[in-house]
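Below: one structure, written as structure tokens.
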Amino acid sequence: MITTANRYDHAQVSRMNDPRVKTEKMFRGWLGQREALLVISSLEEAAEKTTAEWFVELGTKHAGTSRMICETLSACQRKARLLGVDLDPKALPHWKEQLNGRAGTKCYVQEARLEIARSHDPAVAGTIPVGAAAWVLVDACHCKLCVELDIAAWAPKVAVGGLMVFHDTD
């Protein structure tokens, strides 16, 4: 299933004091409170509705959202694997810093890895089997062509009951 954040009920996201949405900017990455709650809600929904193990973030930047994904999956007590994809090699130190101690035995996220490549790179998308992703966040290049390429590469990877969500797309 492909969705956008707008499909979530506005009454649900008006709870800006929701304890799941931390106030520290680096925890949420570049997401505002409303966006963070929408991401968390979509993660919880995908974790509940599918047993697929992969959760994918296309465009990690400073990895604040990656950390939020790990924290949310741990709170759901959902065993998962997280794949981050970013074009910029400078994303790797941020990824390691934000996810330090959040993968492996201290967290329900069993594996967390970052691939440095374009999000629609067939080689990266090919590392995830068809139907093996519970959730895919498209937040890489925001132009129409790149978003279309991301959809083409990653939509087949989304399991039945899983979600593909978008942030800041044209």
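The values are calculated or read from the model by the stated rules, or taken from the named source; none is laboratory data. None of the values given here were measured: they were computed from a predicted structure. Neighbour counts are summed over all protein chains in view; Cβ atoms, including those assigned to glycine, are modelled from backbone coordinates with ideal geometry. Calculation scope for accessible area: heavy atoms of the full protein, side chains included, ligands and nucleic acids excluded. Shrake-Rupley method; radii C 1.70, N 1.55, O 1.52, S 1.80 Å.
For this structure, a couple of remarks:
- The listed residue being at pLDDT 85 or above and surrounded by fewer than 16 Cβ atoms within 10 Å (Cβ to Cβ), out of Asp9, Asp88: Asp88
- Among residues of segment 29-52, those that are under 16 Å from Gly84 (Cα atoms) and in a helix (DSSP H, G or I), counted: 2
- Sole exception among (1) open to solvent by 30 Å² or more (accessible area, probe 1.4 Å); (2) modelled with pLDDT of 85 or more; (3) out of contact with any strand residue (DSSP E or B) (no Cβ under 8 Å at 6 or more places or on another chain) for Arg113, by number: (3)
- Extreme residue, nearest to the chain's Cα centre (by Cα), among residues of segment 109-149 that are among the charged types (D, E, K, R) and over 24 Å from Lys96 (Cβ atoms): Glu148
- Flag if Ala159 is assigned to a strand (DSSP E or B) and open to solvent by less than 50 Å² (accessible area, probe 1.4 Å): yes
- Single residue of segment 64-85 satisfying the filter (touching a strand residue (DSSP E or B) at 6+ places or on another chain (Cβ under 7 Å) and open to solvent by 50 Å² or more (accessible area, probe 1.4 Å)) that is nearest to Gly126 (Cα to Cα): Arg81
- Any hit, segment 39-61, residues being buried (at least 17 other Cβ atoms within 10 Å of the Cβ) and modelled with pLDDT under 55: no
- Applying a threshold of 6 Å to beta carbon distances and a minimum spacing of six or more residues, or different chains, the list of pairs starting in segment 147-170 at a residue that is under 13 Å from Thr51 (Cα atoms) and ending at one that is of a type in the set (Gly, Ala, Ser) and open to solvent by 20 Å² or more (accessible area, probe 1.4 Å) reads Ala159/Gly131.
- Unmet criterion (only one of (1) of a type in the set (Lys, Arg); (2) closer than 17 Å to Val138 by Cα; (3) modelled with pLDDT of 65 or more) for Arg78: (2)
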